[in-house]
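**Q** Sharing a structure, written as structure tokens. Questions coming.
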Amino acid sequence: DVKVTQSSRYLVKRTGEKVFLECVQDMDHENMFWYRQDPGLGLRLIYFSYDVKMKEKGDIPEGYSVSREKKERFSLILESASTNQTSMYLCASRLGGGRVNQPQHFGDGTRLSIL
Amino acid sequence: AQTVTQSQPEMSVQEAETVTLSCTYDTSENNYYLFWYKQPPSRQMILVIRQEAYKQQNATENRFSVNFQKAAKSFSLKISDSQLGDTAMYFCAFELMNTGFQKLVFGTGTRLLVSP
């Protein structure tokens with residue numbers, strides 16, 4: 001089975017802090033994703049990565065950046081955390097490399113609170 | 001741009017009964033995939049069922065089946081013989097069929113409560 005591991009289930013940080021959310025997958029997937037999940041809004045794509053060192057903005061990239069130095073790891077960075085970034089963050093991965101429309105596999109999520 | 005609408009924020013059903021979750025979508029494209037994902041409380045989101053738009057036959061996975069009406073742009077999920085473990089948030093999602101990169105577009109979700 002595919003395993004997508006997010007480093008923290010719960011995280012509390014302060015306004016203005018730089019926050020790192022880590023995600024690791026163990027199936028050599030090319031594509032990786034960061035979503036934000038808010039009640040009534042569903043899942044919204046923040047950033048995605050086709051492959052190592054590649055990244056693309058999703059629908060709501062403002063206030064976030066990402067890093068993908070190794071294929072298995074995709075990090076989401078909140079440069080200067082603000083209270084409106086309090087949310088559930090989900091990481092996902094899937095096969096890419098030209099394979100069409102493969103299903104995404106999700107991590108357990110990180111519930112981030114910014115005080 | 002594609003949109004996905006789930007008009008039922010919450011639903012409830014009793015164990016062993018059947019429940020149907022609604023989903024509509026909007027696209028001008030002809031080739032795409034539709035998905036239902038399940039997110040149990042405090043647990044990982046998992047894929048429940050997938051439908052290719054070019055297939056007329058509705059997808060089924062054990063107790064889960066879909067009613068795909070392409071002309072109406074409707075994609076409902078039927079859960080038969082509901083079990084307590086079906087309690088979860090259910091998301092409908094859409095993805096264009098393409099060899100290039102495509103992203104999932106999610107609905108806002110339906111919270112399903114299965115009671116004894």
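The values are calculated or read from the model by the stated rules, or taken from the named source; none is laboratory data. Because the structure is predicted, anything quoted here is derived from the model rather than measured. All Cβ positions, even for glycine, are placed from backbone atoms using ideal geometry, and neighbour counts span all protein chains on display. All accessible areas refer to the heavy atoms of the entire protein, side chains included, with ligands and DNA or RNA removed. Shrake-Rupley method; radii C 1.70, N 1.55, O 1.52, S 1.80 Å.
**Q** Name the single residue, out of those in the range B:68-109 being in a strand (DSSP E or B) and polar (S, T, N, Q), that is most open to solvent (accessible area, probe 1.4 Å).
**A** Ranking the candidates gives B:GLN69 first.
**Q** Looking at the range A:31-82 only, could you name the residues that are in contact (Cβ under 8 Å) with a residue 40 or more places away in the chain and in a loop (DSSP other than H, G, I, E, B)?
**A** Within the range A:31-82, A:TYR50, A:ASP51, A:LYS71, A:GLU72, A:GLU79, A:SER80, A:ALA81, A:SER82 qualify.
Table: residues versus (1) within 13 Å of another protein chain (Cβ to nearest Cβ); (2) farther than 27 Å from B:THR87 by Cβ.
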{"site": "B:GLU17", "(1), (2)": "no, no"}
{"site": "B:SER22", "(1), (2)": "no, no"}
{"site": "B:ASN30", "(1), (2)": "no, yes"}
{"site": "B:VAL48", "(1), (2)": "yes, no"}
{"site": "B:TYR54", "(1), (2)": "yes, yes"}
{"site": "B:VAL66", "(1), (2)": "no, no"}
{"site": "B:LYS70", "(1), (2)": "no, yes"}
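**Q** Ok, one more. Here are B:VAL48, B:VAL13: which of them is open to solvent by less than 30 Å² (accessible area, probe 1.4 Å) and more than 12 Å from the chain's Cα centre (by Cα)?
**A** Going through B:VAL48, B:VAL13 in turn, the sole match is B:VAL13.
**Q** Among the residues of the range A:42-72, count how many are under 15 Å from B:VAL105 (Cα atoms), in contact with a Gly (Cβ under 9 Å, 6 or more places away or on another chain) and not β-branched (Val, Ile, Thr).
**A** Adding up the residues that qualify gives 6.
**Q** For the subset of the range A:61-82 comprising residues that are open to solvent by less than 60 Å² (accessible area, probe 1.4 Å) and over 12 Å from the mean Cα position of the chain (by Cα), which member is nearest to the other protein chains (Cβ to nearest Cβ)?
**A** A:LYS71
**Q** Continuing with the same structure: Can you tell me which residue is nearest to B:GLU95 (Cα to Cα) among those in the range B:21-45 that are within 12 Å of the chain's Cα centre (by Cα) and outside any strand (DSSP E or B)?
**A** It comes out as B:CYS23.
**Q** In addition: Can you find, within the range A:83-101, the residue that is nearest to the chain's Cα centre (by Cα) among those that are within 14 Å of another protein chain (Cβ to nearest Cβ) and without any contact (Cβ under 8 Å) to a residue 40 or more places away in the chain?
**A** This residue is A:ASN101.
**Q** While we're on this one: Restricting to the range A:11-31, name every residue that is at pLDDT 95 or above and either of a type in the set (Phe, Trp, Tyr) or open to solvent by less than 30 Å² (accessible area, probe 1.4 Å) (or both).
**A** Selection gives A:VAL19, A:PHE20, A:LEU21, A:CYS23, A:GLN25.
**Q** Report the residue count in the range B:16-42 for those that are within 26 Å of A:THR110 (Cβ to Cβ) and either open to solvent by less than 60 Å² (accessible area, probe 1.4 Å) or in contact (Cβ under 8 Å) with a residue 40 or more places away in the chain (or both).
**A** 7
**Q** Please determine, by comparing only the residues of the range A:87-115 that are among the polar types (S, T, N, Q) and in a strand (DSSP E or B), which one is modelled with the lowest pLDDT.
**A** A:SER93
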